[in-house]
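Notes for the one structure printed next.
Each reported figure results from applying straightforward, stated rules to the coordinates on display, with no laboratory input. Source: prediction; values computed, not measured. Methodologically, a virtual Cβ is constructed for each residue, glycine included, from the backbone with ideal geometry; neighbour enumeration extends over all protein chains shown.
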Amino acid sequence: MRLSRSFLPTLKETPSDAQIASHRLMLRAGLVRQTASGIYTWLPAGLKVLRNIANIVREEQDRVGAQEVLMATIQSADLWKRSGRYDAYGPEMLRIKDRHERELLYGPTNEEVITDVVGQELKSYKELPQILYQIQWKFRDEIRPRFGVMRGREFYMKDGYGFDIDYKSAVDTYRKMMLSYLRTFQRLGVRAVPMVADTGPIGGDLSHEFLILAPTGESGVFYDGALDTLDWLADPVDVDKSEDLEKFFNNVSSYYAATDEKHDEKAWESVPAERRREGRGIEVAHIFYFGTKYTKSMDITVAGPDGTPVHPEMGSYGIGVSRLVGAIIEASHDDAGIIWPDNVAPFKAAILNLKVGDETCDTLCEALYNKAPEQFLYDDRSDRAGAKFADADLMGHPWQIIVGPRGAKEGKVELKRRATGERFELTVDEALAKVLDKASGA
Ligand code: 5CA
């Protein structure tokens with residue numbers, strides 16, 4: 001994208017109503033604009049980030065055998081009356097009436113819709129297990145929307161639902177999802193630690209939340225730093241083997257990790273002092289096993305092996321995709337701006353033309369830009385170099401390719417790595433190789 005022609009409204013001043021770094025930076029870097037309390041419009045660069053995250057989530061869901069669907073945002077109140085949650089859910093649910101006075105609602109979560117759809121189609125235990133997921137907008141009328149997209153009212157969530165014939169199979173599904181989440185977060189360039197959690201209004205008795213360490217997090221967290229060193233992308237877990245899943249789960253669970261609500265000082269003391277990580281965490285995902293809670297209340301059965309009807313066992317699996325944009329920034333920024341992990345960044349690199357109008361600079365920049373126009377943000381504005389550096393740092397591109405008249409004459413550019421500040425003098429081809437190689441996720 002050419003900066004001179006793009007809609008990337010950056011702000012020099014810090015917006016006064018934004019209390020935390022990610023909210024300030026998302027506004028300043030032109031990622032989002034608020035349209036009503038807790039409701040945002042995603043601008044071009046912000047939407048790219050949201051899509052990059054969603055695509056990684058999708059790939060890792062598919063990898064463990066989950067199948068993508070897309071449910072409507074608007075739901076019928078009747079379904080929620082069937083499950084008994086219509087009254088229980090309270091004022092967070094946005095209730096709507098259509099022109100025929102029929103009661104509708106904007107979905108805060110989708111257990112009822114998916115249980116109804118699946119229940120109508122499944123006949124036999126042979127069709128199980130099934131894992132279905134979607135990436136879709138949700139609405140919760142939060143009493144205090146705050147911190148920008150971190151606690152919005154409308155937000156983008158990956159919600160997945162597992163259906164199994166018995167407890168053992170449901171636990172396998174739960175463990176598959178846990179692995180898929182750990183892989184997802186690692187690919188996103190952040191560490192999210194799974195911690196045993198309460199199940200709240202979703203219900204059930206096995207649950208973990210995943211927290212990213214950041215000073216502005218809403219929960220206190222304590223965990224064994226050894227968890228940060230485990231490489232889930234290299235771990236050869238066969239997700240079709242129950243023993244593999246069990247080994248994986250026992251390994252994760254063997255390390256201490258707890259939010260302040262569940263913290264156990266005695267167990268904590270058995271973690272070697274140098275490995276104790278203590279701080280605050282942002283909940284970016286939550287997984288629940290809740291057995292037959294919905295299949296019973298909504299009366300969904302399949303024929304079991306001996307022909308008698310069985311209520312399938314369920315779990316639900318959420319990732320806060322829009323919250324992750326804020327959480328990643330909380331975990332990865334400095335005074336100058338955002339530091340995007342490679343796989344999440346809206347652009348792999350900014351090309352900074354320090355002397356627009358100089359033929360050598362212009363020609364070199366154009367040639368570079370045309371190699372991968374969708375991956376680069378070409379700063380072709382005739383602004384001062386200082387303004388370009390500041391904007392590139394603010395927007396957080398993993399690389400800056402700096403093109404000045406002296407280097408350009410020799411076919412050289414300066415490459416800056418945003419995360420470390422390292423600088424390299426390189427030929428155009430060397431710079432391209434470095435930037436695009438990193439971009440492939442290697
Ligand atoms: N039905 C289950 C999982 S499918 C569920 O709704 N779980 S949840 O309530 O924990 O939400 C899943 C994730 O959505 C949370 O971990 C959080 O990351 C994100 N989330 C929840 N509320 C908000 C909100 N108000 N703003 C932004 N993200 C949110």
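Per residue, how big is the convex hull around the C-alpha atoms of the range 334-394? Give it to me in cubic angstrom, could you? Before the final figure, lay out the partial values.
Working: hull volume 4.4 nm³, N = 61.
Expressed per residue, the convex hull around the Cα atoms of the range 334-394 is 72 Å³.
Of the residues Tyr106, Ser83, Gly119, the one whose Cα sits farthest towards the positive end of the charge dipole of the range 74-160 is Tyr106 (charges of +1 on Lys and Arg Cβ, -1 on Asp and Glu Cβ, taken about the Cα centre). Across all Cα pairs in the range 61-121, the calculated P(r) in 5 Å bins from zero up to the longest distance comes to 4, 16, 26, 22, 15, 9, 6, 2, 1 percent per bin. The separation of the range 160-193 from the range 98-133, counted between C-alpha centres, amounts to 21 Å.
Calculate the all-directions average of the projected area of the range 250-403's alpha-carbon convex hull, and give it in nm². Kindly include the intermediate steps, with their values, before the conclusion.
Numbers: hull surface 68.3 nm².
Seen from a random direction, the Cα hull of the range 250-403 projects 17.1 nm² on average.
Placing +1 on the Cβ of every Lys and Arg and -1 on the Cβ of every Asp and Glu, with no other charges, gives the chain a dipole of roughly 1280 debye about its Cα centre.
For the options Glu243, Glu60, Glu154, a Gaussian network treatment of the chain with springs between C-alpha atoms closer than 10 Å singles out Glu243 as fluctuating the most. The three principal axes of the C-alpha atoms in the range 102-236 carry coordinate ranges of 47, 43, 25 Å, sorted with the longest axis first. Computed from the Cβ-Cβ distance with R0 of 45 Å, the FRET efficiency linking Val196 to Asp383 stands at 0.30. Tell me, rounded to the nearest percent, the portion of alpha carbon pairs in the range 292-364 spaced more than 20 Å apart. When every Cα pair of the range 292-364 is considered, 65 percent fall beyond 20 Å.
Can you give the helix-only mean residue ellipticity at 222 nm for the chain, where every DSSP H stretch with n ≥ 4 adds -39500 (n - 2.57) and the sum goes over all residues, rounded to the nearest 500 deg cm²/dmol? Each step should come with its number before you reach the end.
Values: 14 runs with 145 residues, N = 442.
Helix contribution divided over all residues of the chain: -9500 deg cm²/dmol.
Expressed in nm to one decimal, what extension gain is obtained for the pair Arg275 and Glu103 from 0.36 nm per residue of sequence separation less their Cα-Cα distance?
Full-extension gain reported as 56.6 nm.
How are the alpha carbon pair distances in the range 1-92 distributed across 10 Å bins from zero to the largest one, expressed in percent? Cα pair-distance distribution for the range 1-92, in percent: 12, 27, 27, 26, 7, 1. Averaging 1/r over each pair of different alpha-carbon atoms in the chain and inverting the result gives 23.7 Å, the Kirkwood hydrodynamic radius.
Dividing the Cα radius of gyration of the range 77-174 by 2.2 N^0.38 Å, with N the residue count, gives 1.27. For the range 57-134, trypsin sites (Lys or Arg not before Pro) meeting the loop criterion (DSSP other than H, G, I, E, B) and having at most 15 other Cβ atoms within 10 Å: Arg99, Arg102, Lys123.
Return the equivalent ellipsoid semi-axes of the range 215-309 as a descending list in whole Å, where each equals the square root of 5 times an eigenvalue of the C-alpha gyration tensor.
That gives 35, 20, 13 Å for the three semi-axes.
Across the range 121-164, Cα-Cα pairs more than 14 Å apart make up 61 percent of the total.
Across Ile329, Ile96, Ile53, mean-square fluctuation computed from a Gaussian network of the chain (C-alpha pairs under 10 Å connected) peaks at Ile96. If you take the square roots of the eigenvalues of the alpha-carbon gyration tensor of the range 165-239 and sort them as a ≥ b ≥ c, do you get rounded (a/c under 1.5), prolate (a/b over b/c) or oblate? Judged from the Cα gyration tensor, the range 165-239 comes out oblate (a/c at least 1.5, b/c at or above a/b). Remark on the range 92-137: ratio of C-alpha radius of gyration to 2.2 N^0.38 Å is 1.53. Charge dipole of the range 129-262 (Cα centre as origin; +1 on each Lys and Arg Cβ, -1 on each Asp and Glu Cβ, all else neutral): 560 debye, rounded to the nearest 20. In the chain, the longest principal axis of the Cα atoms and the axis of helix 242-253 are about 70 degrees apart. Note on the chain: GNM, Cα springs under 10 Å; of Gly318, Gly107, Gly304, the largest mean-square fluctuation is that of Gly304. What you get for the range 313-403, charging only the Cβ of Lys and Arg (+1) and of Asp and Glu (-1), is a dipole of about 40 debye around the Cα centre. Restricting the range 1-52 to trypsin sites (Lys or Arg not before Pro) that sit in a DSSP loop and have at most 15 other Cβ atoms within 10 Å of their own Cβ leaves Lys12. When the GluC sites (Glu not before Pro) in the range 341-409 are filtered for DSSP coil states and for at most 13 other beta-carbon atoms within 10 Å of their beta-carbon, the remaining sites are Glu374. Its Cα gyration tensor gives the range 326-442 an equivalent ellipsoid. The semi-axes, each the square root of 5 times an eigenvalue, are 23, 16, 12 Å from largest down.
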